[in-house]
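What follows is a set of notes on a single structure, which appears directly below.
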Amino acid sequence: MQNQQIYQIPQQNSVILVGRLTRDPELKRTTTSKSVCRFDIAMSSRIKDQVTGEWKDSDPTFVPIIVWGEQADRCNDRLKKGMPVYIEGRLKTSSWQSPDGTKRSRLEVVALRIQFLVRVDAQQTAQQSRNVENAETEYVSNSDVTDDEESPF
C-alpha cells in the first residue's frame with residue numbers, strides 16, 4: 001500500500017455581487033427581536049453574439065440576499081426596487097419542508113457588507129439611477145451576522 005498524501009483544501013466562502021433590487025426589501029424580526037431583511041437582486045452580463053457581432057444582455061441571474069441586525073434596518077429604510085447595490089457576503093444553503101412534505105432548499109447570500117450605489121433621494125430621474133459612476137455611496141458593514149437564529153421567513 002502506497003503512502004497517500006492528504007491535501008487540505010483551504011476553506012473560502014465569499015462572494016461579491018453588483019445588481020439591482022427586483023423588489024422592495026422585506027423586514028421581519030426573529031423571536032429575539034433581531035432584524036432580518038430579505039430582497040433579491042438581478043444581474044446580467046454583456047455578451048457578444050458570435051454571428052452578428054452585436055453586444056447583448058444575457059439572461060438575468062436572480063440572487064436572494066439576507067441581511068441581519070442594524071444593517072437590515074438600514075437596508076429596509078433606504079433601498080427600493082430597482083436600486084443598484086454592491087454586496088460582499090457568503091453563501092448559505094437554507095433547507096425546509098414544504099406543506100406537501102417535499103424537501104426544499106435554496107442557495108442565498110448572507111450579506112456582510114452592502115454599498116448603496118445611489119442615494120434614495122437621487123432617484124428622481126431614471127438617468128440618475130443608471131449613472132453608477134457618479135453615484136454617492138454608503139457602506140454598511142454587518143457585525144450582527146449569526147447562524148444561531150432561525151430566519152422568520
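Points worth noting:
- Qualifying residue in the range 11-32 (condition: more than 17 Å from Ile66 (Cβ to Cβ) and either in contact (Cβ under 8 Å) with a residue 60 or more places away in the chain or touching an Asp or Glu at 6+ places or on another chain (Cβ under 7 Å) (or both)): yes
- Of all residues in the range 90-113 being among the polar types (S, T, N, Q) and assigned to a loop (DSSP other than H, G, I, E, B), the one that is most open to solvent (accessible area, probe 1.4 Å): Thr102
- Total residues in the range 71-89 satisfying the condition of being open to solvent by 50 Å² or more (accessible area, probe 1.4 Å), in contact with a strand residue (DSSP E or B) (Cβ under 7 Å, 6 or more places away or on another chain) and either assigned to a strand (DSSP E or B) or not basic (Lys, Arg) (or both): the figure is 1.
- You will find that of Val18, Val36, Val51, Val63, the residue that is open to solvent by 90 Å² or more (accessible area, probe 1.4 Å) and among the hydrophobic types (A, V, I, L, M, F, W, C) is Val51 and no other.
- Residue check, Lys81 touching a Leu at 6+ places or on another chain (Cβ under 6 Å) and more than 12 Å from Ala111 (Cα to Cα): yes
- Candidate set from the range 85-112 (those that are within 11 Å of the chain's Cα centre (by Cα) and of a type outside the set (A, V, I, L, M)); member that is farthest from Arg20 (Cα to Cα): Arg90
The values are calculated or read from the model by the stated rules, or taken from the named source; none is laboratory data. This structure is a prediction, so every number in the text was calculated from the model and none was measured. Positions of Cβ are generated from backbone atoms using ideal geometry, with glycine treated the same way; all protein chains shown enter the neighbour counts. Each accessible area value is taken on the protein alone, full model and side chains, heavy atoms only, with ligands, DNA and RNA left out. Shrake-Rupley method; radii C 1.70, N 1.55, O 1.52, S 1.80 Å.
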